[in-house]
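What follows is a set of notes on a single structure, which appears directly below.
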Ligand code: FNR
């Protein structure tokens, strides 16, 4: 009998065994030297705790709200593309797991299931992640379909004017189906003799001229709140607030875009300070443990989003695998809160962690 899985990292190996190399590499890889990919997880390890004792932790409450929507824990599913590489049910299975765990799923622009399929499959609270296409009318239709189908927010990814160099995909000459939700809207047949067809599709479709002023345009085509995903500096956090977004996601796209971007956890506090509590700040990148989630909350995040572990759970065990990943992270967070003297997420403060920068102050 296989030994019991004890943490989410163990799903990575199960996924590697379950998937064809091209699919696993697409999920697993980062950009160029993968420096940022390693840093995203390593930087969490450099943060230590300042736990408090003799506080009543007989009941731990992890519940919180994100944009006003209640969730069982400050954990969301990050938008990641092509879930049918992992499992035939694709995003429908992921959304059902989100519903079962009472958490929020951000569905990707590059999903393999339609907005309508996911909406009718379960009652999970869902956000929709978009890129802005050169054809603005296509983006407008997508956003309006999301709104009609009960998605609660638009998450605009702003770190992808072009696709990063993912060398594993280039070597594999990665082939990907066109994003399902674009099928009837675009008839692009991206052709590339060398390298990744996915990259060729992105180059042909996405609009690299997108600017801050275009958030106004996006707002003119939807009444949903808009989050921007991919902010890594105080300067851009301030710009995001100036254009009136509802929230910020500190993200380096799981280290798949600009290599040598900082690990997200190292810049979270800079962004949180710039925002000054006016709008929620979420974070993703390298979150693999309940302790990581606690650290992110201590440094001011409202919640974290989980990317690759969800895909590995889906590849290994379908909907149940995704549930297991979220439950494991919840269990670990609950224990971390108890051992740190924090019965609720509001009790988690900056004074509960020590970062590498604190030592110099
Ligand atoms: C992503 N990510 C991503 N982001 C986005 O805005 N739109 C997308 O379609 C995708 N697609 C995607 C595919 C795959 C395979 C991965 C691994 C990631 C980035 C994702 O939302 C998130 O920022 C990172 O995955 C978070 O880092 P971890 O948790 O994977 O370390």
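Shape class for segment 262-361, computed from the alpha carbon gyration tensor (a ≥ b ≥ c): prolate, with a/c not under 1.5 and a/b above b/c. Here each label is just a point 7 Å from Cα along the line to Cβ, and for residue 4 and residue 344 those points are 3.2 nm apart. Here 334, 91, 269 are placed in order of increasing Cβ neighbour count within 10 Å, fewest first, which gives 334, 269, 91.
With contacts taken as Cα pairs under 8 Å and at least 6 residues apart, the chain reaches a relative contact order of 27 percent.
Against the main long axis of the alpha-carbon atoms of the chain, helix 308-340 sits at an angle near 20°. Taking the alpha-carbon centroid of each part, what is the distance from segment 2-41 to segment 264-294 in angstrom? So the separation of the two Cα centres works out to 23 Å. Can you bin segment 79-188 into rounded, prolate or oblate? Criterion: square roots of the alpha carbon gyration tensor eigenvalues sorted a ≥ b ≥ c, rounded for a/c under 1.5, prolate for a/b above b/c, oblate for the rest. Cα axes put segment 79-188 in the oblate bin. Grouping the Cα pair distances of segment 247-299 into 10 Å bins from zero gives a pair-distance distribution of 25, 55, 20, 0 percent in increasing distance order. Exposure proxy shown here: for 67, 218, 333, the number of other Cβ atoms within 10 Å sets the order, fewest to most, as 67, 218, 333.
What residue among 120, 58, 251 shows peak mean-square fluctuation when the chain is described by a Gaussian network model with Cα springs under 10 Å? Of the options given, 58 has the highest mean-square fluctuation. If you fit an axis through the alpha-carbon atoms of helix 136-148 and take the longest principal axis of the Cα set of the chain, what angle between them do you get, 0 to 90°, nearest 10? Computed tilt is about 50 degrees.
Which of rounded, prolate, oblate describes segment 170-272, given a ≥ b ≥ c as roots of the alpha-carbon gyration tensor eigenvalues and a/c under 1.5 marking rounded, otherwise prolate only if a/b is larger than b/c? Note, shape of segment 170-272 comes out oblate.
Count the DSSP beta bridges whose two residues both fall in segment 177-320, then state the antiparallel fraction as a percent rounded to the nearest 5.
0
Note: relative contact order over segment 76-151, using C-alpha pairs below 8 Å and six or more positions apart, is 30 percent. Counted residue by residue at 0.36 nm each, then reduced by the alpha carbon distance between them, the extension gain from residue 58 to residue 320 reaches 91.4 nm.
Can you tell me the order of 271-277, 4-10 when each peptide is scored by its average per-residue count of other Cβ atoms within 10 angstrom, highest first? Each step should come with its number before you reach the end.
Working: 271-277: 17.0, 4-10: 14.4.
Most protected by this proxy first, the peptides run 271-277, 4-10.
Just to verify a number: FRET efficiency for residue 209 and residue 144, C-beta to C-beta distance, R0 = 22 Å, to 0.05? Efficiency, rounded to the nearest 0.05: 0.50. The fewest-to-most ranking of 342, 122 by surrounding Cβ atoms within 10 Å reads 122, 342. Each DSSP beta bridge with both residues in the chain is either parallel or antiparallel, and the antiparallel ones are about 20%. Entry for segment 14-169 at q = 0.16 Å⁻¹: log10 I(q)/I(0) = -1.10, Debye formula applied to identical alpha-carbon scatterers, no solvent contribution.
Grouping the Cα pair distances of segment 133-180 into 5 Å bins from zero gives a pair-distance distribution of 5, 14, 17, 22, 17, 13, 9, 3 percent in increasing distance order.
Which percent of the Cα-Cα distances in the chain go past 25 Å? Don't jump to the answer; show the numbers that get you there.
Numbers: 33239 of 64980 pairs.
Above the 25 Å cut-off, the chain has 51 percent of its Cα pairs.
Rg then Dmax, both in Å and based on the Cα atoms of segment 1-76: 18.2, 51.
Since every read-out is calculated from the coordinates, none of them should be taken as a lab result. This one's a predicted model, so the numbers in the text were calculated from it and none came from an experiment. With ideal geometry, Cβ positions are generated from the backbone for all residues, glycine too; neighbour counts draw on all protein chains shown.
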